[in-house]
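We did not get these values from a lab; they are worked out from the coordinates using the rules stated. Quick caveat: nothing in here was measured; it's all calculated off a predicted structure. Reconstructed Cβ throughout: ideal geometry from the backbone, glycine too, with neighbour counts over all protein chains shown.
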Amino acid sequence: MKLRGVAFFLPLAIASAANAADANYPVVEILDAFRDGCGSLENQQMASASLIAAGWTPISRSEEAGQLAVFLDFSRKAALEVAESSGVDMGEITSFVKTVAGEEVFMVLDEVKADGKRISGCQLYDFGEDRPIPAEQAGAWLKRAPFEIKEFPEVRTVEWSPGILSDHGSFKIFFVPSDSPARQMFNFYGVALKADTLGAE
């Protein structure tokens, strides 16, 4: 092939390689970041310290913007309604941000206290992501098969129990597609991960 022909095809080859790379979601890197950030869930304070130590940057209420702000506003209003109707203590919802393998992802902490018990939650959100995390790939990373898989047009969920760490009650992966009928109800579409623990207040 003449040099001119090589020069013509080289940009196409580079573009093709770039598109192929973009098509692969950084599953292992995202799961590693989630595990390292959500390691300690004994309470919200320790979870926050764990995230900061793992390189996550806290986001103040005034700094919340875009889809994160919309989602957290919705979540806080829902939490307030639950607290008022059931009398439980809903802790402050806090958020953090980190870029993982080129993906800007957010971590959200929440906590519920009632009847002397506490549920501490840690969730990762990749807003607008249209590449789901395959259950088999996550299972290979976790070195065990999921406890349950659910597939609906609105949302797909994969759950492990116990969670990533032995003291975690569960670990769930969610994928809400952009055309989900429940997108407006969730105020979210994309990839989400969730870990939680149950313990005494």
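Quote the FRET efficiency, to the nearest 0.05, computed for E84 versus D167 with a Förster distance R0 of 35 Å and r equal to the Cβ-Cβ distance. Mind dumping the intermediate values first?
Values: r = 31 Å, r/R0 = 0.89.
Result of the calculation: an efficiency of 0.65.
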Highest mean packing first, using Cβ neighbours within 10 angstrom, the peptides 152-165, 100-113 sort as 100-113, 152-165
Mean shadow area (nm²) of the C-alpha convex hull around the stretch 50-150 is 8.8
Among chymotrypsin sites (Phe, Trp or Tyr not before Pro) in the stretch 114-157, those in a DSSP loop whose Cβ has at most 16 other Cβ atoms within 10 Å are F147
Computed from the beta carbon distance with a Förster radius of 22 Å, FRET efficiency for E104 and A145 to the nearest 0.05 stands at 0.10
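Find how much the distance from K77 to L198 grows on full extension, using 0.36 nm per residue of separation minus their present alpha carbon separation; answer in nm with one decimal.
On the way: separation 121, 0.36 × 121 = 43.56 nm, distance 2.32 nm.
Length gained, K77 through L198: 41.2 nm.
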